[in-house]
Every structure is written in C-alpha cells, then in structure tokens.
1. Take the stretch 69-91 and flag every residue that is hydrophobic (A, V, I, L, M, F, W, C) and either exposed (fewer than 13 other Cβ atoms within 10 Å of the Cβ) or at pLDDT below 60 (or both).
2. Just the residues that are modelled with pLDDT of 70 or more, in contact with a Ser or Thr (Cβ under 8 Å, 6 or more places away or on another chain) and outside any loop (DSSP other than H, G, I, E, B), please, taken from the stretch 1-31.
3. Check whether at least one residue in the stretch 37-49 is modelled with pLDDT under 90, touching a Ser or Thr at 6+ places or on another chain (Cβ under 8 Å) and assigned to a loop (DSSP other than H, G, I, E, B), and report yes or no.
4. Can you say whether Ala66 is modelled with pLDDT of 80 or more and under 15 Å from the mean Cα position of the chain (by Cα), as far as the supplied structure shows?
Amino acid sequence: CARHGLPQPVLRRAGDSEEYTEVLLRQTFAFADDAAPSTSGRETSLERTRSVMDIVHSAIDYLFKASAKPRNVLCKGMHRRIDSGTKARERTMELRGTPSVTVSCATSAYEAFTSPVWEILCDRIGEEMMMRILLYCSVFIRVGAAKD
C-alpha cells in the first residue's frame with residue numbers, strides 16, 4: 001500500500017480473536033501472480049458493502065465467466081450450470097447469487113475464505129483488495145508453527 005501511495009488498512013485491533021491474529025495475520029501468506037493487474041496509480045477503496053460470502057461468490061462467478069474450467073482452487077467441486085435433468089440437480093446445488101454455477105462439493109478453501117476470520121480481514125482491507133486476493137494470489141497457511 002505505502003509503496004503505491006495507498007492508505008494502509010489497520011489489520012489488527014484490540015479485541016481481535018486469537019484465530020484472526022495468530023492464524024490469519026501471522027501464519028497466512030498471500031503472493032500475487034506476476035500477471036496480476038497493477039494497483040499502481042489507481043485509487044483503491046477500503047470500503048465494503050457486501051458480505052465476504054458474496055465477494056467470494058462474485059470471484060467464483062468471474063472465474064467461470066473467464067474459463068469453462070477455472071484452475072483456481074475456489075472453483076474445485078463446482079461447475080457451470082447445465083440443466084441436464086432432475087438427477088443432476090439432486091446431486092448439486094446452485095451457488096447463491098451465481099445461478100450459472102453449481103456446487104457438487106464445497107472445498108476447504110471455499111469454507112476458509114467464507115469464514116468469520118476472512119470476514120474480519122475483508123472489513124479492514126475492503127472489497128477490491130479481497131477480490132484481488134481471491135483472483136490473483138496464491139494463499140498459504142503455515143503448518144507446524146508450534147515446532148518453531
């Protein structure tokens with residue numbers, strides 16, 4: 001943020017849960033893809049008007065519009081909606097807010113990004129940066145930290 005003259009979000013506040021401060025802020029790392037669009041020279045907003053679930057669903061919808069079979073881990077267990085009869089509909093459900101995508105099995109990545117700790121982060125970084133993380137970053141969570 002500072003390098004591009006953008007306001008720095010306050011990520012940590014008094015009263016934050018240990019899961020948010022220790023797991024998300026200290027043990028989670030996001031690396032942007034070299035092909036990610038630059039934020040340099042653009043005004044970035046820290047505002048948020050939608051829930052993190054709605055933002056995740058928008059990212060998934062965007063990925064499926066860009067590709068029939070997106071490689072993003074958020075899209076695993078999901079596919080473009082094809083109305084091929086009752087049996088197919090019984091095994092899948094529509095992704096809320098994205099009628100073109102159906103879910104046969106939500107992944108742990110989907111569950112993690114729609115969790116309360118990511119809701120807190122989204123509150124603090126805004127929709128635009130959250131979408132940037134979902135669409136253009138590889139996100140890793142450190143394991144085995146107790147051994148350090």
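The values are calculated or read from the model by the stated rules, or taken from the named source; none is laboratory data. Predicted model only: the values in this text are computed from it and were never measured. Reconstructed Cβ throughout: ideal geometry from the backbone, glycine too, with neighbour counts over all protein chains shown.
1. Within the stretch 69-91, Ile82, Ala88 meet the criteria.
2. At the first step, the residues of the stretch 1-31 found to be modelled with pLDDT of 70 or more are 9-31.
In the following step, the residues that additionally are in contact with a Ser or Thr (Cβ under 8 Å, 6 or more places away or on another chain) were identified as 12, 30-31.
Result: Ala30, Phe31.
3. no
4. no
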